[in-house]
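The values are calculated or read from the model by the stated rules, or taken from the named source; none is laboratory data. Predicted model only: the values in this text are computed from it and were never measured. Here the Cβ is made from the backbone with ideal geometry for all residues, glycine too, and neighbour counts use every protein chain on show. These accessible areas exclude ligands, DNA and RNA; they are computed on the full protein's heavy atoms, side chains included. Shrake-Rupley method; radii C 1.70, N 1.55, O 1.52, S 1.80 Å.
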Amino acid sequence: MKIVIKDDFDQISKHAAELIASQVVLKPDSKLGFATGSTPELTYKYLIDIYRTGRISFKEVTSFNLDEYVGLGEDHKNSYAYYMKNHLFNHIDILDENINIPRGLSENLEGQCRSYEDKIDLVEGIDLQILGIGRNCHIGFNEPDVKFEATTHVVKLDEDTIKANSRFFTSLEEVPRYAISMGIKSIMKSKRIVLIACGKDKARAIKDMVEGKITPQNPASILQLHQNLTVLLDKEASSLLSSI
Ligand code: F6R
């Protein structure tokens, strides 16, 4: 595991964008795994800036998103499909047919989870997966007590996650209770993972992930076993680590 600590969110985000850009330069047909939420927003902004300089193209890139709320269609402003269009896809030259996001309105959720996982297997795993982390140590929507062996599946969201994500909705009641998420096993298949965290709210989760016991209670702790993990932190998120 490589840990990179920068002074602030801006610097981490720039660094993350440069890592994604270099992945695309070195392998133009990269399979990229994207996360949503507040954390990667600035990374995507910097990635768009790099794209606009004309130095990189996403025409051959295939993308996979970590998760989507059950019950929200791609036109719903809180869906992750909408988020991705808004924050990244509408601003770069990625082809629509190369974008993969679980469909929250699917009538056959189980079947869709299986075919999503099959697609990941078909491309032999994601080349570079971007992750954020929840305050309860979730990655994707793999909540505490997760099964490490799970692939893409339907998840019941934790109360803490519902509360944390309610900031994007007009009320707590509006937050969907279920989501489709890539599983820990799907994430661990990625050839390279970059996890980004900032702010003191994430310090506990980062300590558990980096220095804690590897246990389903702390889903991100499994990443200690990944062969190619980079953790990008600001000072606050790294503040409880004893090993640095
Ligand atoms: C989002 C996702 C989640 C978030 C996590 C942190 O696609 O998979 O695991 O990365 O909830 O969210 P923020 O960045 O909003 O703190």
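In a fully extended conformation the segment linking VAL123 and THR53 would gain 22.3 nm over its present Cα-Cα distance, using 0.36 nm per residue. When the Cα positions of ASN100, LEU195, THR151 are compared along the charge dipole of segment 97-225, LEU195 comes out farthest toward the positive end, with charges on each C-beta of Lys, Arg, Asp and Glu.
For the chain, what % of the accessible area comes from carbon and sulfur atoms, probe 1.4 Å? Working shown, then result.
Working: 5520 of 11120 Å².
Answer for the chain: carbon and sulfur cover 50 percent of the accessible area.
Across q = 0.14, 0.15, 0.21, 0.25 Å⁻¹, segment 1-70 modelled as identical point scatterers on its alpha-carbon atoms has Debye log10 I(q)/I(0) values of -0.46, -0.53, -0.99, -1.24, in the order of the q list. Among VAL123, GLN112, TYR83, pick out the residue whose Cα is farthest towards the positive end of the charge dipole of segment 38-190, where Lys and Arg carry +1 and Asp and Glu carry -1 on C-beta, about the Cα centre. Selected residue: TYR83. Taking amide H positions as modeled 1.01 Å from N, with prolines and chain starts lacking one, no residue 5 or more places away or on another chain lies under 5 Å from ASN136.
What per residue convex hull volume, in Å³, comes out for segment 17-152 when only alpha-carbon positions are used?
On the way: hull volume 15.6 nm³, N = 136.
In segment 17-152, the Cα hull volume divided by residue count equals 115 Å³.
Using the membrane-span-like helix rule (whole DSSP H runs, Cα extent along the own axis of at least 18 Å, mean Kyte-Doolittle hydropathy at least 0.0), which helices of the chain qualify? Correct list, ordered by number: 9-26.
Arranged from highest to lowest average of other beta-carbon atoms within 10 Å per residue, in what order do the peptides 118-126, 30-38 appear? Don't jump to the answer; show the numbers that get you there.
Details: 118-126: 15.0, 30-38: 22.2.
The most tightly packed comes first, giving 30-38, 118-126.
In a shell of Cβ-Cβ distance under 15 Å around ILE5, excluding ILE5 itself, what net charge do Lys and Arg (+1) and Asp and Glu (-1) give? Mind dumping the intermediate values first?
Values: positive: LYS2, LYS6, LYS14, LYS200, LYS202, LYS207, LYS235; negative: ASP7, ASP8, ASP10, GLU211, ASP234, GLU236.
My count for the surroundings of ILE5 gives +1.
For ALA150, the residues whose modelled amide H falls within less than 5 Å of its own, excluding neighbours fewer than 5 places apart on the same chain, are ILE184, LYS185.
Annotation: peptides 162-175, 87-100, ranked by per-residue average of other Cβ atoms within 10 Å with the highest first, follow the order 87-100, 162-175.
Taking K and R as +1 and D and E as -1, what net charge do the other residues with C-beta under 11 Å from the C-beta of LEU105 add up to?
Its environment carries a net charge of -3.
Taking amide H atoms as placed 1.01 Å from N in the peptide plane, the amide H of LEU105 lies under 5 Å from those of GLY71, each 5 or more residues away in sequence or on another chain.
Size of the chain: Rg and Dmax of its alpha carbons, in Å, are 16.6, 48.
Taking 8 Å as the Cα distance limit and 6 or more residues as the minimum spacing, I'd like the relative contact order of the chain as a percentage.
Details: 503 pairs, mean separation 59.9, N = 244.
Relative contact order for the chain comes out at 25 percent.
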